[in-house]
Amino acid sequence: MGSNSSRIGDLPKNEYLKKLSGTESVSENDPFWNQLLSFSFPAPTSSTELKLLEEATVSVCRSLVENNPRTGNLGALIKVFLSRTKELKLSAECQNHIFIWQTHNALFIICCLLKVFICEMSEEELQLHFTYEEKSPGSYSSDSEDLLEELLCCLMQLITDIPLLDITYEISVEAVSTMVVFLSCQLFHKEVLRQSISHKYLMQGRCLPYTSKLVKTLLYNFIRQEKPPPPGAHVFPQQSDGGGLLYGLASGVATGLWTVFTLGGVGSKAAAAAEVSSPLANQSLLLLLVLANLTDAADAPNPYRQAIMSFKNTQDSSPFPSSIPHAFQINFNSLYMALCEQQTSDQATLLLYTLLHQNSNIRTYMLARTDMENLVLPILEILYHVEERNSHHVYMALIVLLILTEDDGFNRSIHEVMLKNITWYSERVLTEISLGSLLILVVIRTIQYNMTRTRDKYLHTNCLAALANMSAQFRSLHQYAAQRIISLFSLLSKKHNKVLEQATQSLRGSLSSNDVPLPDYAQDLNVIEEVIRMMLEIINSCLTNSLHHNPNLVYALLYKRDLFEQFRTHPSFQDIMQNIDLVITFFSSRLLQAGAELSVERVLEIIKQGVVALPKDRLKGDLCPSSGIKIIDPKPMNNLPVWPLCTLGELCTWH
């Protein structure tokens with residue numbers, strides 16, 4: 001490095017790096033530092049170049065690891081950086097490009113060294129390297145200032161206090177990225193770290209007072225999505241459209257951290273690398289998530305999680321309770337809009353989940369919005385393209401839906417929002433459909449995908465739980481949505497019959513041979529029957545609570561009434577089948593009375609009239625097994641013609 005541009009291949013031979021990592025001590029006041037920090041560096045453009053950079057950096061770092069106990073050069077470099085940051089704010093105001101450029105380069109070198117140090121040694125050894133001074137070999141001063149804590153405090157001050165200008169954008173990104181790298185210690189430990197140096201400094205030390213300010217700044221960085229300045233806005237060459245060299249390094253570390261604390265990290269499909277339009281927003285979000293997911297210290301809760309749990313809207317004038325530490329206010333409307341726009345990234349979906357799950361203020365605000373489709377549609381699109389998403393992104397999107405569907409107001413309002421021309425839904429042309437019906441379609445599609453591909457019981461259960469949450473509030477279901485509910489039940493019924501047949505054949509075979517181990521068909525049957533029961537409960541809940549709002553579901557039930565015959569007397573489903581059986585019997589009887597030649601429109605008209613005539617208390621009574629009401633067997637309807645599978649508008653063919 002030095003006053004000229006450097007290349008990756010030149011790093012091991014660079015004279016300035018050799019001196020930094022060599023056996024000679026360099027005073028923090030030595031002119032050498034100005035020479036070392038006057039470099040520009042072309043950003044790697046591929047993973048191969050990043051790997052080459054790491055390999056070159058490792059050789060320099062290992063030399064520094066060996067010699068630093070004698071020279072204390074790492075401490076000297078950090079002191080140079082710390083001294084420069086004291087004048088950084090003034091330099092930004094005075095547009096001192098050279099000073100900011102060199103300070104940025106100092107932080108860049110520190111982060112590269114820190115990344116390798118964390119990979120190569122324990123936290124105790126790392127902390128010791130920050131205490132070495134220029135004395136006899138291996139000596140250190142026990143009463144010297146703690147450089148590691150001071151470095152962290154300095155980074156937090158830089159992130160929160162330095163104004164974001166074109167000339168400070170890169171160093172702001174590097175400061176956030178360096179903190180991400182510092183927190184990557186967890187990657188190299190199998191056990192959960194509860195008493196690491198990150199807990200010591202970030203949760204209890206001098207950094208603690210910056211908690212709320214840091215969280216607020218990181219959130220606003222995410223909200224604003226500031227793009228890198230255009231070429232020519234700073235002295236050193238533009239690194240790339242995606243940020244500086246260090247951004248690439250820290251992004252690799254952050255990706256590892258991301259896998260550690262998100263769902264489905266093991267064995268999940270890697271997400272396609274999306275173009276990052278705002279490196280500062282992306283890195284700020286990653287740092288925020290890592291901070292929020294730090295485990296509580298042995299004697300103190302995670303203050304960053306506390307801050308995320310308690311912040312309020314800027315329009316909320318009520319005072320904060322004295323019992324809530326690290327509280328602050330932020331513009332909820334801006335945050336909501338940013339969350340709606342950024343759901344293509346799994347980091348943003350995790351932030352949405354974190355806020356909905358842990359901050360009651362933001363959850364209440366979001367559920368009160370009248371434009372929830374702006375948030376729900378991106379979530380549904382994630383689930384719709386399940387084949388292209390990694391598993392933890394799908395899980396988080398589903399859990400977000402679960403949280404939203406716990407609210408009855410949400411479940412009612414989504415059926416009142418009408419959507420037109422959903423272009424990403426390719427199975428059918430949906431010219432007009434309610435948000436609620438679209439949600440049902442996408443969740444059912446996810447269940448069917450899971451049944452044929454991933455076979456994940458957890459995903460099944462949560463999809464069905466979301467439908468169950470909504471079922472009592474189903475309103476004016478789209479014809480296609482009603483069909484898909486019954487089609488899913490048909491698929492489950494066929495699967496149940498197939499497994500039951502396999503179990504019967506296996507049992508017969510076991511009578512002739514006791515040596516062959518039998519597959520566990522009983523367990524498979526239990527799982528399928530559990531899912532079938534959940535589907536029946538969803539249908540039953542809709543019929544009981546909103547029958548008069550859903551003639552299309554009654555139509556679909558009658559059209560496929562034979563599916564339910566086998567479950568009427570099944571001991572696992574008898575109780576839950578009573579209402580469904582009653583509805584099928586009641587409306588079948590009215591259709592028989594109406595005659596044989598019925599159009600689709602006439603059938604729907606009869607259903608709507610029958611809904612008014614059916615006493616509601618009969619359905620409610622039939623929910624109770626002790627009600628004493630007997631369900632009469634439906635009369636044969638062989639003379640009723642098979643109804644054409646088309647209705648007004650777009651009743652589509654069955655699958």
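Quick note: the coordinates plus some simple rules give every number you see, no bench work behind them. Values in this document were obtained by computation on a predicted structure and should not be read as measured data. Here Cβ is always computed from backbone atoms with ideal geometry, including for glycine, and neighbour counts include all displayed protein chains.
Tabulated results
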| quantity | calculated |
| --- | --- |
| Under 5 Å, built H, 5+ apart or other chain: amide partners of residue 419 | 433, 434, 435 |
| Extension reserve of the residue 367-residue 594 stretch, reckoned as 0.36 nm per residue once the Cα distance is removed | 77.2 nm |
| Above-threshold pairs, the threshold being 25 Å between Cα atoms, out of 115/200; 51/89; 190/227; 495/560; 89/227 | 51/89; 190/227 |
| Largest-first principal axis extents, alpha carbons of the stretch 410-504, Å | 48, 27, 21 |
| Of the GluC sites (Glu not before Pro) in the stretch 356-420, those whose Cβ has at most 12 other Cβ within 10 Å and which sit in DSSP loop | 416 |
| Hits among aspartates and glutamates - C-alpha to C-alpha of residue 216 under 13 Å, sequence gap 8 or more where chains match | 161 |
| Within the stretch 340-438, chymotrypsin sites (Phe, Trp or Tyr not before Pro) in DSSP loop having at most 16 other beta-carbon neighbours inside 10 Å | 424 |
| Distance (nanometres) between label positions extended 7 Å along Cα→Cβ at residue 188 and residue 357 | 2.8 |
| Cα centre as origin, Lys/Arg/Asp/Glu Cβ charges: the stretch 530-605 dipole, Debye | 60 |
| Segment residue 476-residue 549, extension gain: residue separation times 0.36 nm, minus the distance between their alpha carbons | 25.7 nm |
| Euclidean distance between Cα centres, the stretch 165-217 to the stretch 451-483, Å | 40 |
| Computed E for residue 164/residue 133 - FRET, C-beta separation, R0 56 angstrom, nearest 0.05 | 0.95 |
| Label-point separation in nm, residue 424 to residue 609, each point 7 Å along Cα→Cβ | 4.4 |
| Qualifying trypsin sites (Lys or Arg not before Pro) in the stretch 34-112, DSSP loop, other Cβ atoms within 10 Å at most 13 | 86 |
| From the C-alpha gyration tensor of the stretch 331-372, square roots of 5λ in Å | 16, 13, 8 |
| Under-5 Å amide H pairs with residue 329, H placed in peptide plane, nonlocal only | 312 |
| Table column - 3J(HN,Hα) (Hz), the stretch 377-390, Karplus curve with 6.51, -1.76, 1.60, x for Gly and Pro | 4, x, 5, 5, 5, 4, 5, 5, 9, 4, 5, 9, 9, 6 |
| Charge dipole of the stretch 462-591 about the Cα centre (unit charges at C-beta), most positive-ward option of 539, 555, 582 | 555 |
